[in-house]
Amino acid sequence: MNDKSTYHHSVVDYARKDYNALNKNLSVDETLNKIRLEGVGERIVYFYVVDDEQRLVGVLPTRRLLIGKLEQKLEDIMVKRVAALPGTSTVYDALEFFATYKFLAFPVVDAERRMIGVVDVNLFTDELLEEKDSEAASEVEPQDYDSIFETIGFKISEVKNASPVKAWRVRLPWLFATVTSGTICALLTGMFETTLAESLIVVFFFTLVLGLGESVSIQSMTVTIQALRTAKPSFRWFVKNFLREAQTALMLGLSCATVVTAVVVVWKGDVAAAGVIGLSVVLIQLIASVWGLSVPAILHRAKLDPKIAAGPITLALTDICTILFYFGLAALVL
């Protein structure tokens, strides 16, 4: 997305001012009377507690208000730890808050922690969709509509709510990727039959190495799919994320390889086999992270749903590369 995207707008533009701010010195009885007189509006309701300078000091759960003693002060029954958005936050920051904390609304505060307004799920969604519609009508070419719908989850909901026949038709082609990769893996394994017969220790640890590769590829794929919700893949974006994933995969690979190598040496005393297995773990972790990043990005670029297709394809490519690297290295060294 470019810098003019909705996600980069200030969250203050979306904050509503009809929030419920209650002074901490009010009693439960006074608070209930205040609510009866002023109402609570039609939006999602959280009762925020402020001091005399309108600084946010707590949030009051409705249950505590209803069961509290009439003479109790709000500061005695409020929750003092409040997740609040700084006034400098962007819409994207607000989106992360909703995903992380799972609350239905967040207060927006200034540098002095004085309340500016409240951003809630209803307002956030309504404003975002309205802007998307206006942008689509005035700026976006027809061929770009799919990317917008994908951003707000249209393709995902379409598959999720499909009839069994339609879901079968959509998902079956990607499952064939697993069948195809399994067949290719079997053929490749047959090519290394002599190596397998001469070094059983390699066979013992094949499942472990394969599992590590698949785990890293799925982790990288999940992170990439999340990132693609708010980013449009480009070469610069790919390089930046590749370097980050490669560094993470290298550290993961070295950590796992150290443990596995030590186990092989202690268990079997075979230093050569331990070296092959350890080096294979590192290489496979790296290639798995590359596939985990590349496959969702390519599918997204091709306007296909990464959530449905990326898993089978990523695992298929990772499995094939695991066999080639693992058994190929074993054949060369052992």
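The values are calculated or read from the model by the stated rules, or taken from the named source; none is laboratory data. Source: prediction; values computed, not measured. Cβ coordinates were reconstructed from backbone atoms using ideal geometry, including for glycine residues, and neighbour counts include every protein chain displayed.
Points worth noting:
- V259 being in contact with an Asp or Glu (Cβ under 9 Å, 6 or more places away or on another chain) and more than 30 Å from V179 (Cβ to Cβ): no
- Test for F106: is it in the same structural domain as V49 (by TED's automatic domain parsing) and either at pLDDT 90 or above or not in a helix (DSSP H, G or I) (or both): yes
- Any hit, segment 300-309, residues being closer than 17 Å to A249 by Cβ and in the same structural domain as G211 (by TED's automatic domain parsing): no
- Any hit, segment 76-84, residues being under 17 Å from V119 (Cα atoms) and touching a residue at least 24 places away in the same chain (Cβ under 8 Å): yes
- Residue check for G269: touching a residue at least 12 places away in the same chain (Cβ under 8 Å) and of a type outside the set (S, T, Y): no
- Meets criteria (free of Cβ contacts under 8 Å to residues at least 12 places away in the same chain and surrounded by fewer than 20 Cβ atoms within 10 Å (Cβ to Cβ)) for V259: yes
- For segment 312-321, the count of residues that are part of a loop (DSSP other than H, G, I, E, B) and assigned by TED's automatic domain parsing to the domain that holds V179 is zero.
- If only residues of segment 58-112 that are under 22 Å from R229 (Cβ atoms) and of a type in the set (S, T, N, Q) are counted, the one that is surrounded by the fewest Cβ atoms within 10 Å (Cβ to Cβ) is T100.
- A227 being assigned by TED's automatic domain parsing to the domain that holds I323, among the aliphatic types (A, V, I, L, M) and without any contact (Cβ under 8 Å) to a residue 40 or more places away in the chain: yes
- Within segment 203-224, being of a type in the set (A, V, I, L, M) and in contact (Cβ under 8 Å) with a residue 12 or more places away in the chain holds for L208, V209, L210, L212, V216, I218, M221, V223.
- Those residues of segment 185-220 which are of a type in the set (S, T, Y) and within 21 Å of L334 (Cα to Cα), in sequence order: T189, T194, T195, S199, T207
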